[in-house]
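Here is the structure we will look at, set down as structure tokens.
Bear in mind these aren't lab numbers, they're just calculated from the coordinates by the rules spelled out. Small disclaimer: the values here were computed from a predicted structure and weren't measured. No Cβ is skipped: glycine too gets one built from the backbone with ideal geometry, and neighbour counts run over all protein chains shown.
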Amino acid sequence: MTTLILRRLILAIPTLFIVVSLTFLLMRWAPGNPFSNERKIPPEILAELEKQYDLNGTVTSQYLRYMGKLVHGDLSISTQYRNRTVNDILAQALPVSVLLGGLAYLLALMIGIPLGAYAAVRQDQKADRLAMLAALLGLSVPSFVLAPLLVMLFGVKLHWLPVAGWGSPDQIILPVFCLAIPFAAAIARLTRGSLLDVLNLDFIRTARAKGLPEEEVLYRHALKIAILPLISYSGPALAGILTGSLVIETLFDIPGIGRFFINSVLNRDPMMSAGVILVFSAFLLFMNLVSDVLISLLDRRVKIE
Amino acid sequence: MKTFQIVLRTLVQKPWLMLCAGIVISVVLLALIGPHLTGYNYAAISDTSLQSPSFAHWFGTDLNGRDLLTRTLYGARMSLLVAALGTFVSLTVGVSYGMISGYMGGRVDSIMMRLVEILYSLPSLILVIILVATLEKPVTAALQHLWLGSIPPRLVLLVVFLGLTEWLTMARIIRGQTLVLKEQAFIQASAALGQAHGRLLFRHLLPNLSGIILVYLTLTIPAIMIDEAFLSFLGLGVQPPQASWGTLIADGAGAINPIQLYWWLLLFPGGMMTMTLLALNFLGDGLRDTLDPRGKK
């Protein structure tokens, strides 16, 4: 176990290094610069700006200076949000995105697990077919279609919920729901399949044979095992939620990392882009490690070398 | 039994799947010939902007007075093209990677699979955003250099990088199947007879993987379609006046305002895309039940 954790952590460092380097270098090598998007600015001013943001000299020297600051935890100053450090922006935007993504993941579990279990217990009955049709529909409606449709319906037409923004509880409902739906659908399908497998195992037959009521068999024995694959799914799910949040944050005008990231890429802000990529990748690598450790602790059948 | 025959029998036995196959084929046909039948040009601007659906314009018109039906069908063409070519890229990489990894086994296999593991835990679409945004000019230059200047650079970027994000699952599945197949008598026998590795892989292994390849092919197409629309939605997909479902949906979402509802701008492209995705996912699921040797879920 310790070797697994150590090896993953050691492997994570070169991975993060490659990802951040690639982002920074691509952003600097690509034509166009972060200071003159639309209007031309005089070369003297441009040179002064580049010096101020430590982006003067050759790309290689800029990169080395950036990496030098990075190892000390300094993500440099954003070129797009002048006078603000990337650390500062991340500190402000990260909690928003974590709340949005965390709530969406929680909601996906709260919809997905019961729906999947409900379908599995009624395998091949009408209710099962209907639940699985709903799940497939949930997987097939992209969030960028669902979200604006719901905004039109509940925001513009019915005036039940605000169209955009972030802060009050009623502003949280629509974005969280839209972000959660595809993952709720995937979790429902996963839970159903896994529960069907578990219900065929010997220990369930034993539990039934000794006369346990069906609810107890289901909730106390079967479901506990059946949700284990969800731990393995949490890595891909979180990656998906992260990606999905880019669209949701843009659409609902939520001041999270996703929106900052999109703006930074479009405006060629190398510091912001590389900083966000670093945080995203580190988060996902870490969550994948956590889920692998969890699954090997909880599931005796899984052996990690 | 041949994979093709199994597919046909499955479709005949399950009318639902037949319906989905019908929907997919109709959308493809509409995308190919539809834009020529509507009587409008997808890029032609007119004075009749933001008209709601009528007999003249079945899907209404957009902000620039362009016929939305023509644009939706033209967008289908773009979305399907990116999805098909991207799936081809992902298929080629995934199948060869998985086959080599499974066939070689041992150390090579464990290194190759560790790489897949790492790539799995990276936010691949977010890296694609960086690549598409920064590599546009170099790709444009390269295309012009190769006398291929008429090909939109964004199209090339989307096809290559989206193809390269979606091959991981395919590689894993193919590797698993290869591991099982290579222990079977017919492969062992041809190896014992001294068949070359290449011949063994392509003549004996590959045909036995065709069923599972078909299943994941059907499931990769909708995945890339969603990815493409996602990038187009964020402004990193095909560029105007060209359109894909993603850009049309983005236009529809952008037109939301508190005064007037332009619902058709969103509902028609979004609905058509959702219907196509649903049909493809349904088809992939149904084929997996019959063709995936790992059994029915």
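Odds and ends about this structure:
- Inter-chain shielding of A:148-156 (mean C-beta neighbours from other protein chains, 10 Å cut-off): 5
- Listed peptides B:220-228, B:194-202, B:137-145 appear in the order B:220-228, B:137-145, B:194-202 once ranked by packing, highest mean of other Cβ atoms within 10 Å at the front.
- Gyration tensor (alpha-carbon) shape descriptor, the protein assembly as shown, a/c threshold 1.5: rounded
- Full extension of the segment from A:Arg208 to A:Met1, taken as 0.36 nm per residue of separation minus the current Cα-Cα distance, would add 71.0 nm.
- Between the listed residues B:Asn257, B:Thr276, B:Ala185, the Cα displaced farthest toward the positive end of the dipole of the stretch B:153-297, a dipole computed from Cβ unit charges relative to the Cα centre, is found at B:Ala185.
- Links that overshoot a 32 Å alpha carbon limit, given the list A:Lys126/A:Lys157; A:Lys126/B:Lys182; A:Lys126/A:Lys224; A:Lys69/B:Lys137; A:Lys40/A:Lys69: A:Lys126/A:Lys157; A:Lys126/B:Lys182
- Environment charge at A:Ile231 (Cβ cut-off 10 Å; Lys +1, Arg +1, Asp -1, Glu -1): -2
- Max mean-square fluctuation residue, GNM over chain A, Cα-Cα springs under 10 Å, options A:Ala237, A:Ala180, A:Ala282: A:Ala282
- Taking a ≥ b ≥ c as the square roots of the eigenvalues of the alpha-carbon gyration tensor, the stretch B:1-102 is classed oblate because a/c is 1.5 or more while a/b is no larger than b/c.
- Global form of the stretch A:201-275, assessed from the alpha-carbon gyration tensor, a/c cut-off 1.5: prolate
- Between A:Pro14, A:Pro42, A:Pro95, the residue with the greatest mean-square fluctuation in the GNM of chain A (Cα pairs under 10 Å linked by springs) is A:Pro42.
- Test item: A:66-79 mean partner chain Cβ contacts at 10 Å: 0
- For the protein assembly as shown, the residue among B:Ile224, B:Ile100, A:Ala239 whose Cα projects farthest onto the positive side of the dipole built from Cβ charges is B:Ile100.
- Annotation: extensible slack from B:Asp289 through B:Met18 equals 96.1 nm (criterion: 0.36 nm per residue apart, minus Cα-Cα distance).
- Net charge dipole, the stretch A:77-176: roughly 140 debye, given to the nearest 20, about the Cα centre with Cβ charges of +1 for Lys and Arg and -1 for Asp and Glu.
- With the Kirkwood sum run over all distinct C-alpha pairs, chain B has a hydrodynamic radius of 21.2 Å.
- Aspartates and glutamates with Cα under 12 Å of A:Lys210, excluding same-chain neighbours fewer than 8 positions away: none
- Neighbouring partner chain Cβ atoms per residue of B:130-138, average, 10 Å criterion: 6
- About the centre of its Cα atoms, chain B shows a dipole size close to 1000 debye [charges on the beta carbon of Lys, Arg (+1) and Asp, Glu (-1) only; nearest 20 debye].
- Taking every full run of DSSP H in chain B, the ones that stretch at least 24 Å from end to end by Cα along their long axis and average 1.6 or higher on the Kyte-Doolittle scale are B:15-37.
- Full extension of the chain between A:Val59 and A:Leu137 gives 23.3 nm of extra length, using 0.36 nm per residue less the Cα-Cα distance.
- Point-charge dipole on Cβ atoms (K/R +1, D/E -1) for the protein assembly as shown, about Cα centre, debye to 20: 1500 debye
- Here B:Ile151 and A:Met110 are evaluated by their C-beta separation; at R0 = 56 Å the FRET efficiency comes out at 0.75.
- Alpha-carbon centroid distance for the pair the stretch B:174-216 / the stretch B:32-48, whole angstrom: 49 Å
- Among B:12-21, B:248-257, the order from most to least packed when residues are scored by Cβ within 10 Å on average: B:248-257, B:12-21
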